[in-house]
Amino acid sequence: MIITAMKPSDIGQAVMLERLCFSVPWSEDMFVSELNNPACSYYAACDNGRLIGFSGMLAVLDEGNVLNIAVHPMYRRQGVGRALLETLVKKAASLHLAFLTLEVRESNKSAISLYEKFGFSRVGLRRGYYERPKEDAVLMTLYFKQGRTGS
Ligand SMILES: CC(C)(COP(=O)(O)OP(=O)(O)OC[C@H]1O[C@@H](n2cnc3c(N)ncnc32)[C@H](O)[C@@H]1OP(=O)(O)O)[C@@H](O)C(=O)NCCC(=O)NCCS
């Protein structure tokens, strides 16, 4: 398995993976727009040329937001999610961000456990944030000591 910056040629497989992983999947146009946004960093995990996972982050000033992370169901529990999140966290650190934040479904115990392993902690709740099914989002944040604000 290798992790590289996501390329436009990965988008087709990323859309298929989205449909497998999320009830409200991102469209091809959304991925095109994200990859064209210089403030976004997207990474692809590939196994023998097959896209098995991806992760993405938006950085504005010294704030980062994890936009997405997904691993193909057949490749889960093998460390791919951990490797993808580690890539985002290292990118955030290299950009000297003060913190990384994210939203996650309250029922998504696997993702919450993954985030907690990287030091993200629960900082709030967005009521009714998700659709299909309607659900609250847990807000989680990872603070970097080396951030420009010194926080
Ligand atoms: C969340 C997700 C990305 C994890 O990917 P993964 O490749 O299976 O994760 P890893 O194998 O790297 O596991 C890393 C840690 O995540 C947690 N984890 C992953 N799957 C888990 C599960 N089924 N139950 C409990 N914890 C789990 C564990 O803490 C695990 O550490 P451990 O192996 O030491 O127990 C994957 O389950 C996924 O794609 N889910 C659907 C999409 C999604 O919900 N994305 C998050 C949106 S906010």
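The values are calculated or read from the model by the stated rules, or taken from the named source; none is laboratory data. Just so you know, these numbers come straight off a predicted model, no measurement behind them. All Cβ positions, glycine included, derive from the backbone under ideal geometry; neighbour counts span all protein chains shown. Ligands, DNA and RNA are excluded from the accessible area calculation, which covers all protein heavy atoms including side chains. Shrake-Rupley method; radii C 1.70, N 1.55, O 1.52, S 1.80 Å.
Numerical summary
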{"item": "Accessible-area value, THR141, 1.4 Å probe, nucleic acids and ligands omitted, Å²", "result": "10 Å²"}
{"item": "Dipole magnitude (debye, nearest 20) for the chain, charges at Cβ of Lys, Arg, Asp, Glu", "result": "460 debye"}
{"item": "For PHE120, solvent-accessible area (1.4 Å; no DNA, RNA or ligand), Å²", "result": "10 Å²"}
{"item": "Residue-level accessible surface for ILE69, protein heavy atoms, 1.4 Å, Å²", "result": "30 Å²"}
{"item": "Cα-Cα over 24 Å, subset of LYS7/LYS145; LYS90/LYS117; LYS7/LYS109; LYS90/LYS145", "result": "LYS7/LYS145; LYS7/LYS109"}
{"item": "The chain - accessible surface per residue (Å², probe 1.4 Å)", "result": "55 Å²"}
{"item": "Heavy-atom SASA rank of TYR130, TYR42, TYR143 (probe 1.4 Å, accessible area, largest first)", "result": "TYR143, TYR130, TYR42"}
{"item": "Region 1-95: C-alpha gyration tensor shape, a/c 1.5 cut-off, then a/b vs b/c", "result": "oblate"}
{"item": "Positive-pole candidate from LEU85, PRO38, SER121, dipole of the chain, charges at beta carbon", "result": "SER121"}
{"item": "Cα gyration tensor, region 45-151 - rounded (a/c under 1.5), prolate or oblate", "result": "oblate"}
